[in-house]
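First the structure, in the form of structure tokens, and then the observations on it.
The values are calculated or read from the model by the stated rules, or taken from the named source; none is laboratory data. Given the structure is predicted, the values throughout are model-derived calculations rather than measurements. Here Cβ is always computed from backbone atoms with ideal geometry, including for glycine, and neighbour counts include all displayed protein chains.
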Amino acid sequence: MVTQSAGPYTAAGMGMALAAYQSKNLSKEEQIKFLEKASYDISTARPTTINRMKLITESCLEVAKQAITENKNPVEVIFQRTYDSLERRYRRMSLVAKNLVSLFPNKGKVLTQCFGETIVGCMGREIKNQNKDIEFFCPETRPYLQGARLTASVLKEQGFKTTVITDNMVAWTISQKNIDLFTSAADTICMDGYIVNKVGTLQIAILCKHFGIPYFVTGIPDVDKLKKDIVIEERNPNEVLEFNNLKNTLNGVEAYYPAFDITPPYLINGVVTDKKIFSPYNLDEYFKDKVEQYY
């Protein structure tokens, strides 16, 4: 949990570059085998995001194999490929942010969840571009506090009024603070409209449906990924039984820690992409036109 949200995608690419460096003194055949194993190990480290990670590591593997065959440095080509991926993400997330902020009122309050990384900074910049006055409420996101440590900090640094709430304050906050809109990124956007995100997203989406608050997901749909393909990662339960390395309950108490949950399409008002805002029920339309490589 050293890196969050889209951070692991960059780490995966740089991990492949490191693997290429570690295998530099091997024969060409051994280098390729080493990189194939690295690609598998990195992409399968977290079961819920295998699909996106494989796109990254296999692309790195492809350019590395070509470089090795042509007697070029695979470290350099993997590094460049990862850098180019970052540039694509920043460019396209800027477009996503533009479409998202167009949904915000001129003056209003927005609820977030966990840490969407690139989209958070792009969203803040776009709010200023569109001259809107937005206040944010950020659930803390136990047990690693990504909402408090990362999302709230980024938005505060960008100059927005930002309030952190605990994860069990969402319903009361919505009812008392006149929240206008809820938004989150997604670790997977399935083609059948289901989205996978940090655990807690489902309960917030249910609450927003109850209170009549629209929920907009940001990101690029995952082609060929369906709800039935999702495997929810379950992390070490000790991460729930401790906080800042201090035990918070008696020995023998058990814990349950799913890292993600799945939100159904009927709770989602729209999926905000770099092209436009799609209904979760017609995400196939995103791929009708040519789509630039993303990861």
Inset, instruction - State all residues of segment 171-187 that are part of a helix (DSSP H, G or I) and either surrounded by 17 or more Cβ atoms within 10 Å (Cβ to Cβ) or of a type in the set (Gly, Ala, Ser) (or both); if no residue qualifies, say none. - result: Ala171, Thr173, Ile174, Ser175
Inset, instruction - List every residue pair whose Cβ atoms sit under 6 Å apart, with the two residues 6 or more apart in sequence or on different chains, where the first one lies in segment 96-111 and is under 27 Å from Trp172 (Cα atoms) and in contact (Cβ under 8 Å) with a residue 60 or more places away in the chain and the second, anywhere, is surrounded by 21 or more Cβ atoms within 10 Å (Cβ to Cβ) and of a type outside the set (A, V, I, L, M, F, W, C). - result: Leu100/Thr218
Inset, instruction - Among the residues of segment 150-164, count how many are within 22 Å of Ala205 (Cα to Cα) and either surrounded by fewer than 19 Cβ atoms within 10 Å (Cβ to Cβ) or in contact with an Asp or Glu (Cβ under 6 Å, 6 or more places away or on another chain) (or both). - result: 2
Inset, instruction - Please identify the pairs in which a residue from segment 156-179 that is over 17 Å from Met123 (Cβ atoms) and assigned by TED's automatic domain parsing to the domain that holds Lys128 has its Cβ atom under 6 Å from the Cβ atom of a residue that is polar (S, T, N, Q) and surrounded by 12 or more Cβ atoms within 10 Å (Cβ to Cβ), counting only partners at least 6 apart or on another chain. - result: Ile165/Thr173
Inset, instruction - Would you mind telling me which numbered condition in (1) under 23 Å from Ile277 (Cα atoms); (2) touching a helix residue (DSSP H, G or I) at 6+ places or on another chain (Cβ under 8 Å); (3) surrounded by fewer than 18 Cβ atoms within 10 Å (Cβ to Cβ) Lys128 fails? - result: (2)
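Being surrounded by 19 or more Cβ atoms within 10 Å (Cβ to Cβ) and closer than 30 Å to Asn236 by Cβ is the filter here; which residues of segment 22-49 pass it?
Leu35, Ala38, Ser39, Ile42, Ser43, Thr48, Thr49
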Legend entry - Filter result (under 19 Å from the mean Cα position of the chain (by Cα), assigned to a loop (DSSP other than H, G, I, E, B) and within 16 Å of Leu226 (Cα to Cα)) within segment 269-295: Pro280
Legend entry - Residues located in segment 168-194, provided they are more than 20 Å from Glu233 (Cα to Cα), within 19 Å of the chain's Cα centre (by Cα) and among the charged types (D, E, K, R): Asp192
Legend entry - Number of the condition not met by Tyr256 [criteria: (1) exposed (fewer than 12 other Cβ atoms within 10 Å of the Cβ); (2) among the aromatic types (Phe, Trp, Tyr); (3) at pLDDT below 95]: (3)
Legend entry - Among residues of segment 40-55, those that are of a type outside the set (A, V, I, L, M, F, W, C) and within 13 Å of Val231 (Cβ to Cβ), counted: 6
Legend entry - Pairs, first under 25 Å from Lys28 (Cβ atoms) and modelled with pLDDT of 80 or more in segment 43-70, second in a helix (DSSP H, G or I) and acidic (Asp, Glu), C-beta under 8 Å, six or more apart: Ser43/Glu58; Leu61/Glu36; Ala67/Glu76
Legend entry - Residues that are of a type outside the set (Val, Ile, Thr), touching a helix residue (DSSP H, G or I) at 6+ places or on another chain (Cβ under 7 Å) and in a loop (DSSP other than H, G, I, E, B), drawn from segment 188-213: Cys190, Met191, Asp192, Gly193, Tyr194, Gly200
